[in-house]
1. Restricting attention to region 139-149, which residues are within 14 Å of ligand 2 (Cβ to nearest atom) and either surrounded by 13 or more Cβ atoms within 10 Å (Cβ to Cβ) or outside any loop (DSSP other than H, G, I, E, B) (or both)?
2. Do you know which residues across region 47-68 are under 20 Å from residue 100 (Cβ atoms) and in contact with a strand residue (DSSP E or B) (Cβ under 9 Å, 6 or more places away or on another chain)?
3. Only one residue in 128, 153 is surrounded by 15 or more Cβ atoms within 10 Å (Cβ to Cβ) and assigned to a helix (DSSP H, G or I), so which one is that?
4. Take residue 55 and decide whether it is modelled with pLDDT of 95 or more, within 16 Å of ligand 1 (Cβ to nearest atom), under 26 Å from residue 128 (Cα atoms) and touching an Asp or Glu at 6+ places or on another chain (Cβ under 6 Å).
5. Please determine whether any residue of region 114-133 is among the small types (Gly, Ala, Ser), without any contact (Cβ under 8 Å) to a residue 40 or more places away in the chain and either over 24 Å from residue 63 (Cα atoms) or within 13 Å of ligand 1 (Cβ to nearest atom) (or both).
6. With 151, 124 as the choices, which residue is more than 30 Å from residue 168 (Cβ to Cβ) and hydrophobic (A, V, I, L, M, F, W, C)?
7. Please enumerate the residues belonging to region 92-104 that are farther than 16 Å from residue 125 by Cβ and either surrounded by 19 or more Cβ atoms within 10 Å (Cβ to Cβ) or hydrophobic (A, V, I, L, M, F, W, C) (or both).
Amino acid sequence: MSQPRPPRSPGHPPSSRSPAGQRIAVYPGSFDPIHLGHLDLIERCRGLFDVLYVAVLSNDTKRSLFSVEERLDMIRQMTKGYPECRVESFSGLLVDFMDQVGARVVVRGLRAVSDFDYEFQMALMNRKLNSRVETVFMVPKDDLTYVSSRLLKEVCSLGGDLSSFLPDIIWQRLKQRLAPAAKSEHA
Ligand SMILES: Nc1ncnc2c1ncn2[C@@H]1O[C@H](COP(=O)(O)OP(=O)(O)O)[C@@H](O)[C@H]1O
Ligand SMILES: [Mg+2]
C-alpha cells in the first residue's frame, strides 16, 4: 500500500515540472553575441529539460553591440537543429517571464569564482520574488571558461582572430561590425 507523502515545507516548489508536466527552463542573458560558451551550456541542457527558452534580455539601459532582433536571429540560426529550444526576448523581471511561459528553472553559467557573488544574489532574489523558481548553475567545458561576449568584442575590435570561440556565422557578423579592417573598408 502506498504511503501518503509528507507535506512539503511552505514555499518549497512541488517539483521542477510545469503544471502541464513538462520540465521547462529559461536560459536568460544578453547574448551580445552568442558564443561557444553559451552554446556549450545549451548543449548540456539537452535531455535535462523538455523545453529550453533561450531568453534575450531587452534592456534599454545596457548598451549592446547587436540589436535584440539581431541577437535573436543569431541564436535562432545556431539552435535551429534543437527542437526543444525556443528563442524569445523579454523585458522586466525574469520571474514574470518565467510565469508567462510556465518555467520553474533558471539556467545560469558559472565560469569562475568572480561570477559567483552576483549569481548567488540573483538566485536568492529571484527565489524571494517567486518561490517556485529554482536556479541551476552549469559549468562549461574547461577551455571555454574564460570566454565572454565582452572579451570577444574587445579582442575583435583590436583585430584578433576569434574563429575558435565563435561559430563561423557569428564570427563573420562580429568582424563586419567591429574589426578594424572592415571599418577601414567602409571608411
Ligand atoms: N563561456 C561561458 N561558459 C558558460 N557560461 C557562460 C559563458 N559566458 C557566459 N555564460 C553564461 O551565460 C549567461 C548569459 O551571459 P551573458 O550573455 O553575458 O548575459 P548576462 O548579461 O546575463 O551576463 C550567464 O549565465 C553567463 O554566466
Ligand atoms: Mg555576462
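The values are calculated or read from the model by the stated rules, or taken from the named source; none is laboratory data. Please read all numbers here as calculations on a predicted model, not as lab measurements. Using ideal geometry, Cβ is built from the backbone for each residue, glycine included, and neighbour counts are taken over all protein chains shown.
1. 140, 144, 145, 147, 148, 149
2. 49, 50, 51, 52, 53, 54, 55, 56, 57, 58, 68
3. After applying the criteria, what remains is 153.
4. The answer is yes for residue 55.
5. Scanning region 114-133 turns up at least one residue that is among the small types (Gly, Ala, Ser), without any contact (Cβ under 8 Å) to a residue 40 or more places away in the chain and either over 24 Å from residue 63 (Cα atoms) or within 13 Å of ligand 1 (Cβ to nearest atom) (or both).
6. Criteria check complete, one pass: 124.
7. The answer is 101, 103, 104.
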